[in-house]
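**Student:** One structure is given below, represented as C-alpha cells, and several questions about it will come after.
What follows is calculated from the coordinates using simple rules that are stated; it is not laboratory data. Quick caveat: nothing in here was measured; it's all calculated off a predicted structure.
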Amino acid sequence: MEKRFPFLIGLIIILVLIGSQSIFIVNQTEKALVIQLGDPVDKVFGPGLHFKIPLIQTVVRFDARVLDYEARAAEALTSDKKAIVLDNYARWRIIDPLQFYRSVRTIPGAQARLDDVVYSQLRAQVGRHSLTEVVSSKRSGIMADVTRRASDIMKEYGIEVVDVRIKRTDLPAENQRAIFGRMRAEREANRRSSVIRGEGDATAARVFAEAFSRAPDFYKFQRGLEALKKSFEQNSRIVITNDDPFLAPIR
C-alpha cells in the first residue's frame, strides 16, 4: 500500500493537469475559437465554460466589444482641386471570428486592412465634394457614406465598421506656409493703407478748416446745402415758410 501511494499522488496530479488543460472560460466581453493543428474548429464559443482536447487544441480569444482605431493622417484632393490633410478615426467590431481569423488573424492585421479601406473610401468621397462641403455643409453625409461603403468591404474579413469620423482637417504644410505668407503680406498692406488713408483724411480736414476760416459765408452756404440734401433723400415732406432760414442756400 505504501509503495502505491506515490503512484496515486502522481496519477492525481496528472489528471488535474489534463483536466485544467481541457477546460477554458470565455468572458462576457469575448468570443473564442478553438485551433486544432493550425486550423480553427468550425464553431465560435461565446461566454461560459467550454472543453477542448488538451495538448492538441489551443484557444484564441477575440474582443467582442466595439474597438477604436486611430487612422494615420493622409492627404486627399477635393473636387475643386484643394489639397487637405484628413485626420480620422474608425470604430469597428468583429462580427464573424471564424472569417476574421482566416483572413486577417490578428487585431494589427485587421487595423492595417481597415486603414487602407477607410482611406480609399475617404479619398473617393472627398474627391466628389468641394472643400467647403467637406469641412462643413456635407461633412456628416460624407462620413455616413464612407462608413457604409467601408463596412460593406470589410464584411468579407468578418468585420463591421460602426462609424468613421474626421477629427480634424488641415492644409498641407506647404499650403499653410503660402497662406500664412499671404495673410502676413495682406496685413502689412492693410496697415499701410490705413496709415495713408488717415494721413489723407487729416490733410483734407486741414484744407477744409483753412478754407472755411477764410470764407465763413461760403462755409455756412455749404453746410446748408448738405442739410438740404440729407433732408430730401427719402421722400421727406417739410412744411416751412418762404422766409425760413433753412431755404437760404437756394434763394
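**Student:** Please work out the ratio of the alpha-carbon Rg of the stretch 22-137 to 2.2 N^0.38 Å and round it to two decimals. Show your work: numbers first, answer last.
**Tutor:** Details: Rg = 19.8 Å, N = 116, 2.2 N^0.38 = 13.4 Å.
Relative to the rule-of-thumb radius for its length, the stretch 22-137 sits at 1.48.
**Student:** Which whole-angstrom value gives the distance between the alpha carbon centres of the stretch 63-87 and the stretch 99-120?
**Tutor:** Between the Cα centre of the stretch 63-87 and that of the stretch 99-120, the gap is 16 Å.
**Student:** On to the next question. With the calculation restricted to Cα positions, what are the radius of gyration and Dmax of the stretch 106-151 in angstrom?
**Tutor:** Every Cα atom of the stretch 106-151 included, Rg and Dmax give 11.9, 38 Å.
**Student:** Per 0.36 nm of contour for each residue apart, how much would the distance between S22 and D163 grow if the chain were fully extended, relative to their Cα-Cα spacing? Spell out each step's value before the answer.
**Tutor:** Working: separation 141, 0.36 × 141 = 50.76 nm, distance 3.90 nm.
This chain segment gains 46.9 nm when fully extended.
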